[in-house]
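Derivation of every value follows stated rules applied to the coordinates shown; laboratory data play no part. Treat the numbers as computed from the prediction; the structure is a model and nothing was measured. Don't worry about glycine lacking a Cβ; one is built from the backbone with ideal geometry, like all the others, and counts go over all protein chains shown.
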Amino acid sequence: MKITETKIKGCYIVEPNKYGDSRGYFFESFNANTFNKLIGDNITFVQDNQSYSTKGVLRGLHAQSGEYAQAKLVRVLDGEVLDIAVDVRPGSATYGEHVAVKLSAANNLQLFIPRGFLHGFVVLSEEATFFYKCDNYYNKDAECGVDPLDAELAIDWEMPSAQLILSEKDLNAPSFKELF
């Protein structure tokens with residue numbers, strides 16, 4: 001497993017060692033001991049989530065607040081997405097900045113997003129199955145979100161906004177300034 005820190009401290013791209021032959025391939029997608037040693041932390045994931053979406057679906061930008069904040073390890077099982085993590089950690093030198101990583105079934109990359117980040121993704125392929133591990137349980141009352149198209153965040157979703165498909169909740173989400 002190879003881990004590379006992104007431009008935002010604490011946010012890592014995770015690349016598994018993939019072994020292939022004429023039969024197909026094998027890789028270890030997660031090993032707690034190796035992962036924690038490489039990031040220098042002790043993360044215990046307690047919940048796995050999976051979603052299926054079609055091209056243009058934009059899910060996010062979401063977070064859990066307070067004691068329900070979540071760190072996530074995200075990956076794509078089928079298709080391709082553009083994954084976005086926005087730093088909203090108070091006092092962070094990169095507050096309000098984001099990282100964008102293309103995750104796909106072909107590249108097997110994963111993104112580790114620590115607590116204190118908004119998260120979202122847009123499906124670039126015809127369809128995608130998205131999988132993520134969380135280090136804290138979901139709590140509906142602690143959920144918050146920001147308009148993913150907020151100009152202040154300047155996120156290039158790599159698709160024209162007219163082609164993006166958002167939930168009613170995300171369409172009506174507050175601006176970054178309103179929430180943070």
| task | Give me a count of the residues in segment 135-167 that are buried (at least 19 other Cβ atoms within 10 Å of the Cβ) and either within 17 Å of residue 50 (Cβ to Cβ) or of a type in the set (Asp, Glu) (or both). | result | 1
| remark: Considering segment 49-93, residues that are among the small types (Gly, Ala, Ser) and under 15 Å from residue 122 (Cα atoms), and then whichever is nearest to the chain's Cα centre (by Cα), we arrive at 85
| query | Looking at segment 161-180, which of its residues are within 19 Å of residue 116 (Cβ to Cβ), within 20 Å of the chain's Cα centre (by Cα), in a helix (DSSP H, G or I) and of a type outside the set (A, V, I, L, M)? | reply | 176
| query | Just a yes or no: is a residue in segment 126-136 in contact (Cβ under 8 Å) with a residue 40 or more places away in the chain and basic (Lys, Arg)? | reply | yes
| field | Out of 83, 87, 48, sole residue that is in contact (Cβ under 8 Å) with a residue 24 or more places away in the chain and touching an Asp or Glu at 6+ places or on another chain (Cβ under 9 Å) | value | 87
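Taking residue 37, is it under 19 Å from the mean Cα position of the chain (by Cα) and of a type outside the set (Ser, Thr, Tyr)?
No.
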| query | When you scan segment 82-136, how many residues do you find that are within 17 Å of residue 60 (Cα to Cα), of a type in the set (Ser, Thr, Tyr) and in contact with a Gly (Cβ under 7 Å, 6 or more places away or on another chain)? | reply | 1
| said: Just to confirm my filter: which strands (runs of 3 or more DSSP E) fall fully inside segment 1-88 and include at least 3 residues that are of a type outside the set (D, E, K, R) and either crowded, with 18+ Cβ neighbours inside 10 Å or out of contact with any helix residue (DSSP H, G or I) (no Cβ under 9 Å at 6 or more places or on another chain) (or both)? | reply: 12-15, 24-27, 47-54, 58-64, 72-78, 80-87
| said: So in segment 90-106, with the set limited to residues that are small (Gly, Ala, Ser) and touching a residue at least 40 places away in the same chain (Cβ under 8 Å), which one is nearest to residue 11 (Cα to Cα)? | reply: 100
| query | Within segment 13-33, can one find any residue that is farther than 13 Å from residue 114 by Cα, of a type in the set (Lys, Arg) and in contact with an Asp or Glu (Cβ under 8 Å, 6 or more places away or on another chain)? | reply | no
